[in-house]
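Notes for the one structure printed next.
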């Protein structure tokens, strides 16, 4: 491999990091107010026709198993709930920002599935452990490998080769540093800062491989690290019992049965959310 000087960390963030859609950012900010009414959320979503259609499809999906068809946004918001609306907005925002050219490529589909799996698993793990911050865990999980999508957007052929080489040699971060001079964790955390995301989410991205280094949202960063590991174990067909003794999981009291239940729920949600939102 030859080291390339095509990019620097700063220029890559400046030129390749897409903006998050404005309407999604506005509605996401509204949802941070726990006193916000469902009607206000419905009205805000209703101003974006494409987003409205997606949320209506989601509300009518088998996830919510209602006995009637939902045809208006107020009922859709009530059915889905603010937490799921917030998660759906994050998924839609990232999906729309990077677009089909990146996410529908072979490497992009693999990364995107992993991001969704980690996000949904992390949120469910937080709730199972009765921790606050399930929404932040979801965001951290969805964004923990965002640096990989930026690499893929900037130089698809080169980054595809990096991914393929990592499958043989392992430690993709080492290969990224050899090729680009920095890795996806550095790139992702800088991107999160550029998007002005909460420091706790930035820390989850920065420390998901080394959760003991986290200084913000320490417990939730451990959850994101664990969710990332579970998704990788499942992808590789490994036994998940070993995760019970990892640094990230100690103290939460998870069982193998909980891991399996959370993972099965994640797979169902990924199928339905992708069918509804894209």
- Task: Please enumerate the residues belonging to segment 176-197 that are more than 19 Å from the chain's Cα centre (by Cα) and crowded, with 19+ Cβ neighbours inside 10 Å.
- Result: 176, 179, 180
- Item | Condition met for residue 108 (assigned to a helix (DSSP H, G or I) and closer than 29 Å to residue 47 by Cβ) | no
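The rows are residues; the columns are (1) part of a loop (DSSP other than H, G, I, E, B); (2) in contact with a strand residue (DSSP E or B) (Cβ under 8 Å, 6 or more places away or on another chain); (3) surrounded by 21 or more Cβ atoms within 10 Å (Cβ to Cβ); (4) not assigned by TED's automatic domain parsing to the domain that holds residue 91.
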site: 219; (1), (2), (3), (4): no, no, no, yes
site: 250; (1), (2), (3), (4): yes, no, no, yes
site: 253; (1), (2), (3), (4): yes, no, no, yes
site: 261; (1), (2), (3), (4): no, no, no, yes
site: 266; (1), (2), (3), (4): no, no, yes, yes
- Query: Does residue 115 meet the test of being free of Cβ contacts under 8 Å to residues at least 60 places away in the same chain, in the same structural domain as residue 264 (by TED's automatic domain parsing) and either within 26 Å of residue 147 (Cβ to Cβ) or surrounded by fewer than 23 Cβ atoms within 10 Å (Cβ to Cβ) (or both)?
  - Reply: yes
- Note on the structure: Note: among 93, 81, just one is crowded, with 19+ Cβ neighbours inside 10 Å and either over 30 Å from residue 157 (Cα atoms) or outside the structural domain of residue 154 (by TED's automatic domain parsing) (or both), namely 93
- Item | Answer from 27, 36, 63 - the residue that is over 27 Å from residue 268 (Cα atoms) and in contact with a helix residue (DSSP H, G or I) (Cβ under 8 Å, 6 or more places away or on another chain) | 36
- Query: Quick one: which of 125, 90, 53 is assigned to a helix (DSSP H, G or I), touching a residue at least 12 places away in the same chain (Cβ under 8 Å) and farther than 25 Å from residue 12 by Cα?
  - Reply: 125
- Message: I need a count of the residues in segment 163-196 that are farther than 14 Å from residue 17 by Cα, touching a residue at least 40 places away in the same chain (Cβ under 8 Å) and either outside any helix (DSSP H, G or I) or not assigned by TED's automatic domain parsing to the domain that holds residue 218 (or both).
- Response: 2
- Any residue at all in segment 46-61 that is outside the structural domain of residue 139 (by TED's automatic domain parsing), within 27 Å of residue 223 (Cβ to Cβ) and at pLDDT below 90? yes
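The values are calculated or read from the model by the stated rules, or taken from the named source; none is laboratory data. Being a predicted model, the structure only gives us computed values, none of them experimental. Please note: Cβ atoms are built from the backbone with ideal geometry, for glycine as well, and neighbour counts cover all protein chains shown.
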